[in-house]
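The values are calculated or read from the model by the stated rules, or taken from the named source; none is laboratory data. Since this is a predicted model, take the numbers as computed values, not measurements. With ideal geometry, Cβ positions are generated from the backbone for all residues, glycine too; neighbour counts draw on all protein chains shown. Each accessible area value is taken on the protein alone, full model and side chains, heavy atoms only, with ligands, DNA and RNA left out. Shrake-Rupley method; radii C 1.70, N 1.55, O 1.52, S 1.80 Å.
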Amino acid sequence: GNSVTQMEGPVTLSEEAFLTINCTYTATGYPSLFWYVQYPGEGLQLLLKATKADDKGSNKGFEATYRKETTSFHLEKGSVQVSDSAVYFCALTSNTGNQFYFGTGTSLTVIP
Amino acid sequence: GAVVSQHPSWVICKSGTSVKIECRSLDFQATTMFWYRQFPKQSLMLMATSNEGSKATYEQGVEKDKFLINHASLTLSTLTVTSAHPEDSSFYICSARQGTAMGYNEQFFGPGTRLTVL
C-alpha cells in the first residue's frame with residue numbers, strides 16, 4: 001500500500017538555522033511526491049513537488065530531492081525565517097494520480 | 001495556479017442541525033473533487049472522492065448518510081453534514097483535480113472550513 005512517514009515535531013529553530021524535515025514513503029508504482037505547508041488557520045498550500053526519481057523540487061528557498069533508492073523526500077532550507085513557522089506535510093499520489101496520502105505533519109516554529 | 005474556494009470559511013451550529021459546505025473551482029473545470037477532514041494537530045484524512053455527475057466514493061469508516069456529497073457541476077461540490085454533533089467539529093478541506101488522464105494530475109486545495117458544533 002501507499003503511506004508517508006515524516007519526522008514528528010514540533011521543531012523549534014532559531015532564525016537563520018538550517019532546516020531538515022525527514023520524509024520517507026512506501027508506494028506501489030511510481031508516485032509523485034509533494035511538500036505542502038499550512039499556516040495557522042489556513043488550508044494547504046503546495047510548497048514544492050517532484051514527479052519522478054532524482055527530480056529536485058524547489059520554492060522559496062526550500063528544496064527536496066526525490067530519492068527512489070532510499071524512498072525519501074526530505075525537505076531542507078538553508079536559512080529559515082520567522083515567517084516559515086507553519087506545519088509542513090509530506091504527501092504522495094499514486095501513479096494513477098488520484099488519491100493523496102499525507103504524512104502526519106511537522107510543526108515548525110522559528111524564533112527570532 | 002488554479003484557485004479553489006470554500007464557503008463558509010467557518011461555521012458554528014447547534015447539535016442536530018445540518019450544515020452545507022461548498023467547494024468551488026474558480027478558474028478550471030474539476031472532474032474530480034476530494035473531501036478531507038483534519039483533526040487538531042493531525043494530518044488530513046480522505047473522506048470521499050466525488051466525480052461530476054456520479055455518486056461519491058466514500059472511504060472506509062465514513063458514514064455516507066451523515067456526510068452527503070453532491071458534485072452537481074464541474075465547478076461545484078458540496079458536503080452536507082447532517083444532524084451534526086460535537087464530535088463532527090473539525091476542519092474540512094476540499095481539493096479539486098482537473099483532467100482524467102492516467103498519471104499525475106495536480107490537485108488544488110481549498111482554504112478549509114472550520115466547523116464547530118455546540
Where in the stretch B:1-44 are the strands (runs of 3 or more DSSP E), entirely inside, with at least 1 residues that are surrounded by fewer than 20 Cβ atoms within 10 Å (Cβ to Cβ) and over 14 Å from the mean Cα position of the chain (by Cα)?
B:10-13
Looking at (1) modelled with pLDDT under 95; (2) surrounded by 14 or more Cβ atoms within 10 Å (Cβ to Cβ), which one does residue B:103 not meet, given that it meets all the others?
(2)
What number of residues within the stretch B:45-64 are closer than 19 Å to residue B:108 by Cβ, more than 12 Å from chain A (Cβ to nearest Cβ) and surrounded by fewer than 18 Cβ atoms within 10 Å (Cβ to Cβ)?
1
Pick from the stretch B:82-100, criterion in a strand (DSSP E or B) and modelled with pLDDT of 90 or more, ranking: farthest from residue A:35 (Cα to Cα):
B:90
Go through the residues of the stretch B:65-79 one by one and say whether even a single one is open to solvent by 60 Å² or more (accessible area, probe 1.4 Å), not β-branched (Val, Ile, Thr) and not in a strand (DSSP E or B).
yes
Taking the stretch A:26-78 and keeping residues under 21 Å from residue A:1 (Cβ atoms), touching a residue at least 60 places away in the same chain (Cβ under 8 Å) and more than 14 Å from chain B (Cβ to nearest Cβ) leaves A:28
